[in-house]
Amino acid sequence: MKKYENTWLPIICSIMFFALANGTLLGPVLPEMLGPLKTAEQDIGMVVAVFTLATALFTPVFGMFADRLSRKTLLIPCLILNGFAGIACYFAPDFETLLIFRFVQGIGAAGMLLVAMLLIGDLYPGHERVHATSRVGMTSAIGLVGFPVLGGLMALKSWNFPFLFYGLVLPLAVFAAILLPNGKGHEGPGVKGYGKKIDEKGTRLSGTELNGTELNGTELNRKENNGNEKKRKKSLLEPLSTLMDFKVLYAIFLGFAIFFLLFVIVIYLPFKLKTDFGYTSKEAGFAQGIIGITVIFVSSRVKGLSLKYSLLSLTGAGFFLTALACGMIGLVNSKVVLVLLLMLFGIGGGLIQIMGDTLILQVAPMASMGSTVSLYNSMKYAGQTLSPVFFGFMLVRFGLKPVFLSGAGFGFVVAGMCWFLKGRLKTEHEYAHVEEHTKGKDSSLTFKND
């Protein structure tokens, strides 16, 4: 598999690219679906919502299996499921059937997103991990810019034609099956050879051969079964004990905070542009494209920054820039200044997404990396879900300007937390190697002795 090493990162980025092609690809097409599907304007958003719901629900489910199955055993079925469900959406005869197919498609995307992140943690140690996550961030930014245009162009043929784009996931599944290494998650105790020991020739060993003590078959099995039962209980409790680690909890919180803040701009920037500048949805899409282009630029430079500054320093800087831009966007009335602020927001947003993904892979123990990363991804969706709820309340109660200002306040608080913890966290080795994880070291970050 080593000879295919140069293909691993492009395949991982492609997996993320398709998994994230949800709302951005279909957003421009939603109005065109109203007539053919005979549904109301207030309901058409469910085409996107059911996909996100399925992803949020099944991410932790896949996380439980990711620590015990090989990566490809989980990934390939999810790719196939996502691809066929996307094609099925093209043939959906009515709105209800389309929602069912979209839910199934979201299940596949949950596994794709999770395994893609785990493969980065498995295959890329040290600063190469930052490079890999930055390339994934660049891929996401390209999708943010390109998917609305692609979806709109495909919709010129028919409202359902964009769904065929997801069929490209099927050849990707073939490439992934052939070229990606079949790395294994943490294999739980007792999965192989439960209640028995076998020598190299496949012959069951006697008690004397095992430990020099005469044991009959019943006693031997009882001892082994008891030992395996204890190990199995320890394995089930391991993800819970991982959450007792403050470093892991904080990294998971950042997953929530990142998207809680980013969605202030994603959702409420079009309101600002329409209210203050009279922009249409098309012009608002181009404005948000400025953010995506800036994220692409940041993603290409972030590895160099990581060689000079710590993860938490860069994360704090990203939240500070994002918060500053968010607050100022709510106050300005100049188009030129607004463009500059959108670029500033893209710089900060790119930093916090890349650093957040890198940090969770850094602190997650190898033995429970799947469940830890799945929880991190679930908190991303929680941030996306609660952001419009909280800031929607702010909009109704106080108006549009306080939405941006309160989002900025939240960002400044998180930035301060990052810098405060940077002072309390000692980086023995800023980036842990995969080999260190496999030896049972949970993380390279430890608290300083007070």
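The values are calculated or read from the model by the stated rules, or taken from the named source; none is laboratory data. Note that this is a predicted model, so its numbers are computed, not measured. Cβ atoms come from the backbone with ideal geometry, glycine included; neighbour counts cover every protein chain shown.
So here's what we get for this one:
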quantity	calculated
Scan of the stretch 277-291 for residues that are modelled with pLDDT of 80 or more and surrounded by 16 or more Cβ atoms within 10 Å (Cβ to Cβ), ordered by number	ILE290, ILE291
Scope the stretch 310-324; condition at pLDDT below 85 and crowded, with 18+ Cβ neighbours inside 10 Å; matching residues	LEU311
Only listed residue being under 21 Å from the mean Cα position of the chain (by Cα) and either part of a helix (DSSP H, G or I) or assigned by TED's automatic domain parsing to the domain that holds PRO162 (or both), chosen from LEU34, LEU30, LEU25	LEU25
Candidate set from the stretch 159-182 (those that are surrounded by fewer than 14 Cβ atoms within 10 Å (Cβ to Cβ) and out of contact with any helix residue (DSSP H, G or I) (no Cβ under 6 Å at 6 or more places or on another chain)); member that is nearest to ASN6 (Cα to Cα)	ILE178
Sole residue being under 29 Å from ALA155 (Cα atoms) and in the same structural domain as PHE161 (by TED's automatic domain parsing), chosen from THR59, THR73, THR97	THR97
Those residues of the stretch 412-426 which are modelled with pLDDT of 95 or more and either in contact with a Cys (Cβ under 9 Å, 6 or more places away or on another chain) or outside any helix (DSSP H, G or I) (or both), in sequence order	none
Filter result for the condition that a residue is farther than 26 Å from PRO365 by Cα and small (Gly, Ala, Ser), over GLY137, GLY126, GLY121, GLY152	GLY152
Residue that is modelled with the lowest pLDDT, among those in the stretch 63-103 that are under 22 Å from TRP8 (Cα atoms) and crowded, with 24+ Cβ neighbours inside 10 Å	ASP67
Set GLY143, GLY111, GLY106: member being within 30 Å of ALA88 (Cβ to Cβ), over 12 Å from the mean Cα position of the chain (by Cα) and at pLDDT 85 or above	GLY106
Residue in the stretch 292-309 that is nearest to LEU341 (Cα to Cα), counting only those that are crowded, with 17+ Cβ neighbours inside 10 Å and of a type in the set (S, T, N, Q)	THR294
Residue match in the stretch 386-395 (condition: under 19 Å from the mean Cα position of the chain (by Cα), part of a helix (DSSP H, G or I), of a type outside the set (A, V, I, L, M, F, W, C) and not assigned by TED's automatic domain parsing to the domain that holds LEU53)	yes
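For every residue, the table says whether it meets (1) in contact with a Cys (Cβ under 9 Å, 6 or more places away or on another chain); (2) without any contact (Cβ under 8 Å) to a residue 60 or more places away in the chain; (3) outside any helix (DSSP H, G or I); (4) outside the structural domain of LYS422 (by TED's automatic domain parsing).
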| residue | (1), (2), (3), (4) |
| --- | --- |
| ILE290 | no, yes, no, no |
| ILE293 | no, no, no, no |
| LYS303 | no, no, no, no |
| ALA317 | yes, no, no, no |
| PHE345 | yes, no, no, no |
| LEU351 | no, yes, no, no |
